[in-house]
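S.K.: My questions all concern the structure below.
The values are calculated or read from the model by the stated rules, or taken from the named source; none is laboratory data. This structure is a prediction, so every number in the text was calculated from the model and none was measured. Cβ sites come from the backbone with ideal geometry, for glycine too, and all protein chains shown count toward neighbours.
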Amino acid sequence: MRLKADLTLFLISIIWGSAFVAQRVAGQAGGVYIFNGIRYLLAAVVVFLFVSLRAGRIANPTHSRGQYKWMLIAGFFLFLGSALQQAGMQYTTAGNAGFITSLYVVLIPLILFVLWGEKPHWLFILAVVLAMAGAFLLSTGGKINAMQFGDLLELIGALFWAFHVVILGKYAARFEPMSFSVGQLAVCGLLNLTPGLFLEPMPIFDANLLFAIGYTAVLSLGLCYTLQVWAQKHTPPADAALILGLESVFAALAGWLILDERLTPIQILGGAMIFVAVILSQFKEWTSGKMDTEHLVEGR
C-alpha cells in the first residue's frame, strides 16, 4: 500500500508540475482573474461530485459557523496566492514559477515564528539563506538589478500560499477536509471571477485556453487533491514531502519539453538551491515523525 501511495504522489507531482505549463499558456493569452475564476469554480464542482459519488447521493453536509468562517478566510488567501501566481505567469517561465512558488514551504516556519512564536529548527536559517540565494540566481541569472517582474509576483504569491497552508494546518484540520475544500475552492473562484468580469476583457476561449482550464481544474485541482488525501494516509510524512517537493522540478522539465523554455547553468544552480532549501526546511519534522503534509500543496 505504501508503494502504491508513493507512486500516486509521484503522479500528482508530475501533474502539478506540468500544470504550470498550462497556466503559462493561459498567461500568454492574458488570462488571470477570469481564467482562475472558471478553473477554481469548475474544480469545486469536480470535488463536490466526487464526494457525492462516493457517498452514493448528493452531498449535503452540515457546517458550523466556524467552518464557514475559515472556508472564507482560506479561500481569500487562496485567491491572493493564485491571482499573483497567475499574473506572474504572464512574465516568467513555467520553471521559474514552479521553483519560486515552492518557496512557500520555507516561508511557513517564518510565519509561525513571527505570528505564533514557534521557534524554528536551526536548519531553517540555512534553508532561508539557500532559498533566497537560489531565488536570486534563478530570477536574475546572477546579474545584479535583473530581477524579473514575473518572478517578484511569484515570490509575493508564495508568501500568501504559505499563509494559506498555515491557516489550513491551524484551523481547518478540525473540519471535514473534502467539504472544506469545496468551500474554499468556490470562494477562491468567485473572488477571482468577480473582478475579472470588470477588469479584464473576455478572453478568446480557443482550444489552448480551454485545455488549460480543463487540465488545471479537473486534473490539477480536482483529481489530484482527492488522490492526495488518500495517498497521504498510507505513506510516511517524509515520503510525501520529498515526492511532492518534486513538483518544481517537473515544472521546469515540462516547460523545457513542451514550451522549449531554457535555463542557464546559473539558473539551474538556483533552482537546485531552492529544492535543497525546501527539503532542509522540513528536516526536523521528518526526524520527529510529526510532520503534517495533508494540506501542504492543496489548492494548486
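S.K.: As an exercise: evaluate residue 226 against (1) out of contact with any helix residue (DSSP H, G or I) (no Cβ under 9 Å at 6 or more places or on another chain); (2) over 15 Å from residue 26 (Cβ atoms); (3) of a type outside the set (A, V, I, L, M, F, W, C) and give the number of the one condition it does not meet.
M.R.: Unmet for residue 226, out of (1) out of contact with any helix residue (DSSP H, G or I) (no Cβ under 9 Å at 6 or more places or on another chain); (2) over 15 Å from residue 26 (Cβ atoms); (3) of a type outside the set (A, V, I, L, M, F, W, C): (1).
S.K.: If you take the residues in the range 253-267 that are within 13 Å of residue 28 (Cβ to Cβ) and not charged (D, E, K, R), which one is surrounded by the most Cβ atoms within 10 Å (Cβ to Cβ)?
M.R.: 255
S.K.: If I ask for residues that are surrounded by fewer than 24 Cβ atoms within 10 Å (Cβ to Cβ), within 14 Å of the chain's Cα centre (by Cα) and of a type in the set (A, V, I, L, M), which ones from the range 6-15 would you list?
M.R.: Those that are surrounded by fewer than 24 Cβ atoms within 10 Å (Cβ to Cβ), within 14 Å of the chain's Cα centre (by Cα) and of a type in the set (A, V, I, L, M): 14, 15.
S.K.: Only one residue in 52, 82, 18 is surrounded by fewer than 22 Cβ atoms within 10 Å (Cβ to Cβ) and not in a loop (DSSP other than H, G, I, E, B). Which one?
M.R.: Residue meeting the stated conditions: 52.
S.K.: Something else now. Evaluate the following for residue 74: is it surrounded by 22 or more Cβ atoms within 10 Å (Cβ to Cβ) and touching a Lys or Arg at 6+ places or on another chain (Cβ under 7 Å)?
M.R.: no
S.K.: Here is a follow-up. May I ask you to list pairs of residues, at least six apart or on different chains, whose Cβ atoms are under 9 Å apart, with the first in the range 116-143 being closer than 13 Å to residue 280 by Cβ and the second being charged (D, E, K, R)?
M.R.: 120/284; 121/284; 121/285; 122/284; 123/284; 124/284
S.K.: Which is modelled with pLDDT of 90 or more, within 28 Å of residue 70 (Cα to Cα), in contact with a helix residue (DSSP H, G or I) (Cβ under 9 Å, 6 or more places away or on another chain) and surrounded by 23 or more Cβ atoms within 10 Å (Cβ to Cβ), of 153, 185?
M.R.: 185
S.K.: Looking at the range 171-179, is at least one residue of a type outside the set (D, E, K, R) and in a loop (DSSP other than H, G, I, E, B)?
M.R.: Yes, that holds for at least one residue.
S.K.: Looking at the structure I just gave you, is residue 230 part of a helix (DSSP H, G or I), touching a residue at least 12 places away in the same chain (Cβ under 8 Å) and closer than 20 Å to residue 95 by Cβ?
M.R.: no
S.K.: Only one of 170, 143, 119 is in contact with a Phe, Trp or Tyr (Cβ under 9 Å, 6 or more places away or on another chain), surrounded by fewer than 16 Cβ atoms within 10 Å (Cβ to Cβ) and either of a type in the set (S, T, N, Q) or more than 30 Å from residue 10 (Cβ to Cβ) (or both). Can you tell me which?
M.R.: From the options 170, 143, 119, the qualifying one is 119.
S.K.: Which numbered condition trips up residue 57, out of (1) at pLDDT 90 or above; (2) part of a loop (DSSP other than H, G, I, E, B); (3) of a type in the set (Lys, Arg)?
M.R.: (1)
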